[in-house]
Amino acid sequence: MAATSAIRPFIPHTDPAVVDDLRRRLQTTRWTDAPEGSGWSMGTDVSYLRDLADYWRTDFDWAAIESTIAELPHFTVTVDGLDIHVIHSPASDPDAAFPVLLAHGWPDCFWRFLKVIPLLTDPAAHGAEPADAFTLIVPDMPGFGYSGHPSGPTPDTRDIARMWGQLMQVLGYDRYGVAGGDMGSHVARYLALAHPARVVAVHRTDAGLPPATIDRSTLSPEEIAWIDDAARWSATEGAYAAMHSTKPQTAAIGLADSPVGVASWIVEKLRSWSDCDGDLDSIYTRDEILTLVTQYWVTNTIGSSIRTYRANAAIPVEDRMRYVDVPSGLSIFGGDVVRPPRAWLERTANTVYHSEPKHGGHFAPFEVPESYATELRTFFRPYRNA
């Protein structure tokens, strides 16, 4: 890919002064108390977070990790006047390459896909078929990761899908696949809706939550049970989304000033949404957790990222319920938080592929990268030459 005025090589690098300030803030953290024996029952376990913060301050080597991340092919691409950070990783076999855009969600960024990039771009090196090689386009959404922060209104997932359509044009792709999870699932479906002649197939790991206004009399018993389950989940786990969707700046002000606050906000979701049975250490190393958290801290994107929820909350129900005609595959991982039934998938999209891997949760590409890679290889195989 030739560099142009709109496409520029990018090297991730954090000013050492920012890391020094991070360590100072960790050292001077004023910790809250915690009722004896409360653990994770009221949110983040304070004792767990204190241990993680001590490691973050004394042993975590962000410069080395960022240097490793920088070995990937990073670029910035100007879209709508905003510098978008994108990893553009070519397939090992150009003859077999099939371009796929990977769309992340919250609370993550390109981090979600770090483990699957080598598996998908060079399958032969990982025991898979060389013909299943992908060229990957992995952008950070506006206000996430290394992408620019919008100075005006926060784009919603429809806007971001439109931007990704422009991004793919700038990069020279006329036909491609899209895959996403969490908020990225919505971006993927809106991209397919906007460009059905270019998006040849779309893969998602979730199907969103049903609107509160849906007519239950039109639904199957399985769909009704799922909606009730989703409502129970929202009542016990959804306070973060209510805050993000209504008054995000209230939380953002405190989080932007406290690295431990950012860690608490993110780590609790990693534990709750991953297929780890409450044991984060069974899925993630401390370095992996802190890679994500530090990414949010050094780019100061916790506030800009959560404002996307408020933008999305204003999307009309009729847009959220538009049927996706583009061939769609959904891999609903067994440990994810809310798992829609097949009837709902078929109600909302041209579902030609449905899989339910036993293991893996909301961050499946990072939790179970081999399984996620297999899902994408299997689903996209018939559409490579479509």
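With r defined as the distance between the Cβ atoms of Q166 and K358 and R0 fixed at 35 Å, what FRET efficiency is calculated, to the nearest 0.05?
0.35
Give the aspartates and glutamates whose C-alpha is closer than 13 Å to that of K115, dropping any in the same chain fewer than 8 places away, or say none.
The reachable aspartates and glutamates, counting only those whose Cα sits under 13 Å from K115, are E288, E367, E370.
Only sites in a loop by DSSP and with at most 12 other Cβ atoms within 10 Å count here; which chymotrypsin sites (Phe, Trp or Tyr not before Pro) in region 1-103 make the cut?
Filter output for region 1-103: W31.
Treating only the Cβ atoms of Lys and Arg (+1) and Asp and Glu (-1) as charged, compute the dipole magnitude of region 259-386 about its Cα centre; round to the nearest 20 debye.
Charge dipole of region 259-386: 460 debye, to the nearest 20.
Using the charge dipole of region 170-243 (Lys, Arg: +1 at Cβ; Asp, Glu: -1 at Cβ; taken about the Cα centre), state which of A239, G180, P210 has its Cα farthest towards the positive end.
Value computed over the given set: G180.
Counting other Cβ atoms within 10 Å, which trypsin sites (Lys or Arg not before Pro) in region 1-57 have at most 14 and lie in a DSSP loop?
Sites meeting the loop and neighbour criteria: R30.
Whose amide H sits under 5 Å from the amide H of F98, counting only residues 5 or more places off or on another chain, with H placed in the peptide plane?
Counting only residues 5 or more places away or on other chains, the set is F134, T135.
For Y173 and R8 in the same chain, what is the full-extension length gain: residue separation times 0.36 nm, less their Cα-Cα distance, in nm?
Full-extension gain reported as 57.7 nm.
From the square roots a ≥ b ≥ c of the eigenvalues of the alpha-carbon gyration tensor of region 168-315, which class results: rounded (a/c under 1.5), prolate (a/b over b/c), or oblate?
oblate
Efficiency by 1/(1 + (r/R0)^6): what FRET value for A125 and T378, r their Cβ-Cβ distance, R0 = 25 Å, to the nearest 0.05?
0.85
How far apart, in nm, are two points set 7 Å out from the Cα along the Cα-to-Cβ line at T246 and at W40?
Taking the two extended label points, one gets 2.7 nm.
With θ set to phi - 60° and the Karplus curve 6.51 cos²θ - 1.76 cosθ + 1.60, what are the ³J(HN,Hα) couplings of region 349-362 in order, to the nearest whole Hz, using x for Gly and Pro?
7, 6, 7, 9, 8, 9, 9, 10, x, 5, 10, x, x, 5
What list of ³J(HN,Hα) values in whole Hz, one per residue of region 183-193 in order, does the Karplus curve 6.51 cos²θ - 1.76 cosθ + 1.60 (θ = phi - 60°) give from phi, with Gly and Pro shown as x?
4, x, 5, 5, 4, 4, 5, 5, 5, 5, 5
How big is the dipole moment of the chain about its Cα centre under a simple scheme where the beta carbon of each Lys and Arg is +1, that of each Asp and Glu is -1, and everything else is neutral? Debye, nearest 20, please.
Here the size comes out at about 1000 debye.
Quick one: of the DSSP bridges fully inside region 55-142, what percent are antiparallel, nearest 5?
Within region 55-142, antiparallel bridges account for around 70 percent of the total.
With both partners inside the chain, how many of the DSSP beta bridges are antiparallel, as a percent to the nearest 5?
The answer is about 40 percent antiparallel.
Select from T68, A53, G81 the residue farthest towards the positive end of the dipole of region 1-109; place +1 on Cβ of Lys and Arg, -1 on Cβ of Asp and Glu, and compute about the Cα centre.
Of the listed residues, the answer is G81.
Within the P(r) computed for the chain, what percentage of the Cα pairs occupies the region above 33 Å?
28 percent
Note down the magnitude of the dipole of region 279-326 about its Cα centre, charges +1 on Lys and Arg C-beta and -1 on Asp and Glu C-beta and zero elsewhere, to the nearest 20 debye.
The calculated dipole for region 279-326 is roughly 320 debye.
In sequence order, what are the phi-derived ³J(HN,Hα) couplings for region 255-272 according to the Karplus relation 6.51 cos²θ - 1.76 cosθ + 1.60 with θ = phi - 60°, rounded to whole Hz, with x for glycine and proline?
5, 5, 9, 9, x, 5, x, 4, 4, 4, 5, 8, 4, 4, 6, 4, 6, 6
Is region 72-209 rounded, prolate or oblate when judged by the Cα gyration tensor, a ≥ b ≥ c being the square roots of its eigenvalues, rounded requiring a/c under 1.5 and prolate requiring a/b larger than b/c?
prolate
Of W111, A128, I160, which is farthest along the charge dipole of region 109-166 in the positive direction, counting Lys and Arg as +1 and Asp and Glu as -1 at C-beta?
I160
On average, how much accessible surface per residue is there in region 252-386, in Å², for a 1.4 Å probe, leaving out ligands, DNA and RNA?
With all protein chains present, region 252-386 gives 38 Å² per residue.
Between R23 and R50, what length comes free when the chain is fully extended (0.36 nm per residue of separation minus the Cα-Cα distance, one decimal in nm)?
Gain in length upon complete extension: 8.4 nm.
Please compute the net charge surrounding T246, taking Lys and Arg as +1 and Asp and Glu as -1 over other residues with Cβ under 12 Å from its Cβ.
Local net charge: +3.
What relative contact order, as a whole-number percentage, does the chain give when Cα pairs under 8 Å and 6 or more residues apart are counted?
Worked out over the chain, it gives 18 percent.
The values are calculated or read from the model by the stated rules, or taken from the named source; none is laboratory data. From a predicted model like this one, the values you see are computed outputs, not experimental measurements. Don't worry about glycine lacking a Cβ; one is built from the backbone with ideal geometry, like all the others, and counts go over all protein chains shown. The accessibility values were calculated without ligands, DNA or RNA, using every heavy atom of the protein model including side chains. Shrake-Rupley method; radii C 1.70, N 1.55, O 1.52, S 1.80 Å.
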